[in-house]
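These notes concern the structure reproduced below.
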Amino acid sequence: MKSELVLYVHGKGGSASESEHYKPLFPNANVVGLNYQSQTPWEAGKEIHDVVVGMAAEYERIVLIANSIGAFFCMNAEIDALVHQAYFISPIVDMERLILDMLAWSNASEEELQKRGVIPTSFGEDLSWDYLCYVREHPVEWRAPTEILYGRRDNLTSYEAIAKFATEHNARLTVMEDGEHWFHTEEQMKFVDAWIRG
């Protein structure tokens with residue numbers, strides 16, 4: 001059995017190739033990116049679950065690095081018992097609130113979403129009644145040891161929501177004052193690297 005796997009799960013619009021960035025941080029591990037295809041938490045959760053179960057049979061230790069909605073999908077994958085350490089970058093921790101916020105940004109109501117089933121938005125997100133119902137019926141349960149990195153200028157998740165989640169799930173929260181939801185500038189990526197190195 002191999003010793004350590006580092007699994008990277010990207011956010012929306014990202015790709016598995018982003019895992020290359022993390023290879024120097026884990027020189028003794030096999031670092032791979034997961035190129036999941038699903039767009040809903042129930043489909044992506046199953047896809048991620050199946051991959052991690054297979055990898056758990058090959059590796060003694062699994063470290064998870066997940067970004068944004070990728071972290072949300074991982075928390076819906078029932079893999080926390082298989083993950084030895086998780087690093088969540090700008091995780092979506094209150095999807096219900098985010099969907100309701102997006103409805104408000106679109107000048108649409110929850111009743112309208114229920115009636116129409118799906119509401120396309122001007123910012124490229126299709127809001128779904130089934131998705132909102134799933135989120136309400138499946139509150140996140142996550143018990144793996146977790147570090148969370150949050151940008152103070154995150155426009156998708158409030159500081160209150162991320163702090164509440166960290167407290168409730170015994171996760172350690174690190175805040176970058178100049179960080180955004182998408183960590184991508186040279187300064188931000190240096191902060192990410194220093195955070196992971198501890």
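Worth a mention:
- Here Ala44 fulfils each of the conditions (1) surrounded by fewer than 24 Cβ atoms within 10 Å (Cβ to Cβ); (2) under 23 Å from Phe165 (Cβ atoms); (3) out of contact with any Ser or Thr (no Cβ under 6 Å at 6 or more places or on another chain) apart from (3).
- Some residue of segment 87-103 being out of contact with any helix residue (DSSP H, G or I) (no Cβ under 9 Å at 6 or more places or on another chain) and part of a loop (DSSP other than H, G, I, E, B): no
- When segment 110-119 is filtered for residues that are surrounded by 13 or more Cβ atoms within 10 Å (Cβ to Cβ), out of contact with any strand residue (DSSP E or B) (no Cβ under 6 Å at 6 or more places or on another chain) and within 17 Å of Arg136 (Cα to Cα), only Glu110 remains.
- Selection status of Gly13, modelled with pLDDT under 95, farther than 20 Å from Met176 by Cβ, outside the structural domain of Val135 (by TED's automatic domain parsing) and surrounded by fewer than 15 Cβ atoms within 10 Å (Cβ to Cβ): yes
- Selection within segment 178-193 - within 14 Å of Ser90 (Cα to Cα) and not in a loop (DSSP other than H, G, I, E, B): Gln188, Met189, Phe191, Val192
- Contacts under 6 angstrom Cβ, first residue in segment 43-56 being in the same structural domain as Asn76 (by TED's automatic domain parsing), partner buried (at least 17 other Cβ atoms within 10 Å of the Cβ) and polar (S, T, N, Q), 6 or more apart: Gly45/Asn76
- Scanning segment 110-138 for residues that are modelled with pLDDT of 95 or more and of a type in the set (Gly, Ala, Ser), we see that the one that is farthest from Val63 (Cα to Cα) is Gly117.
- Residue in segment 66-80 that is of a type in the set (Ser, Thr, Tyr), in a loop (DSSP other than H, G, I, E, B) and either surrounded by fewer than 22 Cβ atoms within 10 Å (Cβ to Cβ) or outside the structural domain of Thr121 (by TED's automatic domain parsing) (or both) present: yes
- Selection count where residues are surrounded by fewer than 18 Cβ atoms within 10 Å (Cβ to Cβ) and under 17 Å from Phe183 (Cβ atoms), scope segment 138-155: 3
- Listed by first and then second residue, the pairs with beta-carbon distance under 6 Å, at least 6 apart or on different chains, first residue in segment 1-23 and closer than 23 Å to Glu60 by Cβ, second surrounded by fewer than 19 Cβ atoms within 10 Å (Cβ to Cβ) and aromatic (Phe, Trp, Tyr), are Val6/Phe26.
- Condition check for Ala56: in contact with a Leu (Cβ under 6 Å, 6 or more places away or on another chain), modelled with pLDDT of 95 or more and over 21 Å from Trp182 (Cα atoms): yes
- In the set Ser122, Ser106, only one residue is among the hydroxyl-bearing types (Ser, Thr, Tyr), over 24 Å from Thr174 (Cβ atoms), surrounded by fewer than 16 Cβ atoms within 10 Å (Cβ to Cβ) and not assigned by TED's automatic domain parsing to the domain that holds Gly179; that residue is Ser122.
- Selection from segment 133-167 of residues that are in a loop (DSSP other than H, G, I, E, B), within 19 Å of Phe73 (Cβ to Cβ) and basic (Lys, Arg): Arg143
- Looking at Asn107, Asn170, just one residue is touching a strand residue (DSSP E or B) at 6+ places or on another chain (Cβ under 9 Å) and either among the polar types (S, T, N, Q) or not in a strand (DSSP E or B) (or both), and that residue is Asn170.
The values are calculated or read from the model by the stated rules, or taken from the named source; none is laboratory data. Predicted model only: the values in this text are computed from it and were never measured. Every residue, glycine as well, gets a Cβ built from its backbone with ideal geometry; the counts of neighbours run over all protein chains shown.
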